[in-house]
Amino acid sequence: MDEPIPVTRTVDHGTAKLMPDIDRKRAWLLTVDGAPQSYVDLDEPTYLEFEYARRLGHVLDTVARPGLPLDALHLGGGALTLPRYLAATRPGSRQDVVEADSGLLDLVVEHLPVPADAGIALHGADARAWLETAPAASADVLIADVFGGSRVPAHLTSVAYARQTARVLRGDGVYLANLADASPFAFLRSQLATFSTVFEELALIAEPGVLRGRRFGNAVLVASHRPLDTATLTRRTASDAFPARVEHGDTLRVFTGDAKPVRDEDAVPSPEPPAGAFSIG
């Protein structure tokens, strides 16, 4: 049988590469302009290679009883790692995926197709524009993993955006976002302040080294109107190969400090990662 070969294509927002994993038969790494975007194993969609993806997966596992189908909205598509994961762990889920880079979507559909019966609908559109037209109370979970290059776009960081996420979520729905920052955490703290104006319950999941300011890294923000299962999340994230901490309650309020909520007119993208922070090879 022919060995899989790398695929390189110019897409709307850069140069995308699909590279086969020599250790896993039908697994692929997607990069855009050298920055890792997604990892998928077509034979084992529940396998999550990236640490931040595993943390998002832990949250998705705990938002409802195991196996219960969910209505999910994904802002940012990549190679559809989490939509595939949710389809496998919660069969019957209905999922919408919004990806601004239509060329990237075409590449993924061509080379890493999802089963026709997976319940995953793909939309080439700007995340916030699509969100603002989405029906109210239509999603159980909303997962934001949107990066323009290696930065979260400014228009997905404001109070107005946070209010739209709450509008689209059902009353007991949960918002998840993959963010990135480093000490002194001006961006991350501003996001906590922003979402605290809309949601009563917040949690932050990140590696201790990132939270202590030792390096730039990912942090998963979780927001809802109902108490989160932080005890289960703490156990699961602590047992990962790269353990993470779950901050919530008073410790998270101390971390947020005097940060101010972000208005549309003041919004800025997340900080530029230092050279080599997320690149490979």
Averaged per residue, the 1.4 Å probe accessible area of the chain, protein heavy atoms only, in Å², is roughly 45 Å²
Determine the dipole magnitude for the chain: charges of +1 sit on the beta-carbon of Lys and Arg, -1 on that of Asp and Glu, nothing else is charged, the reference point is the Cα centre, and the result goes in debye to the nearest 20.
740 debye
What is the P(r) of region 113-154, as percent of Cα-Cα pairs per 5 Å bin from 0?
5, 14, 22, 24, 21, 11, 3
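Using a simple charge model, +1 on the beta-carbon of Lys and Arg, -1 on the beta-carbon of Asp and Glu, nothing else, what dipole does region 120-209 show about its Cα centre, in debye to the nearest 20? Display every interim value, and only then the final one.
Values: 6 positive and 9 negative charges, 51 e Å.
Here the size comes out at about 240 debye.
Which is the longest run of the chain containing none of the trypsin sites (Lys or Arg not before Pro) found in DSSP loop states (not H, G, I, E, B) with at most 13 other C-beta atoms within 10 Å?
Working: sites that count: K25, R26, R212, R214, R215, R263.
Free of exposed loop sites, the longest segment is 27-211.
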P(r) for region 44-108, please, calculated from all Cα pair distances in 10 Å bins and given in %.
21, 54, 23, 2
Write down the radius of gyration of region 73-122 and its Dmax, each obtained from C-alpha positions, in Å.
10.0, 28
Along principal axes, Cα extents of region 112-196, largest first, whole Å
45, 32, 21
If you project the alpha carbons of region 9-146 onto their three principal axes, what span does each projection cover, largest first, in Å?
37, 34, 27
Label point distance in nm, R263-D126, each placed 7 Å from Cα along Cα→Cβ
2.0 nm
Reduced Cα scattering model of region 182-281, Debye log10 I(q)/I(0), q = 0.11, 0.19, 0.22 Å⁻¹:
-0.35, -1.01, -1.25
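May I ask you to give the percent of accessible area on the chain that is carbon plus sulfur, with a probe radius of 1.4 Å?
Working: 6680 of 12700 Å².
Solvent-exposed carbon and sulfur of the chain make up 53 percent of the total.
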Rg in Å to one decimal, and Dmax rounded to a whole Å, for region 148-223 via C-alpha atoms:
12.5, 37
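The values are calculated or read from the model by the stated rules, or taken from the named source; none is laboratory data. Fair warning: this is a prediction, and the values are worked out from it, not measured in the lab. All Cβ positions, glycine included, derive from the backbone under ideal geometry; neighbour counts span all protein chains shown. Remember, those area values only see protein heavy atoms, side chains included, never the ligands or the DNA or RNA. Shrake-Rupley method; radii C 1.70, N 1.55, O 1.52, S 1.80 Å.
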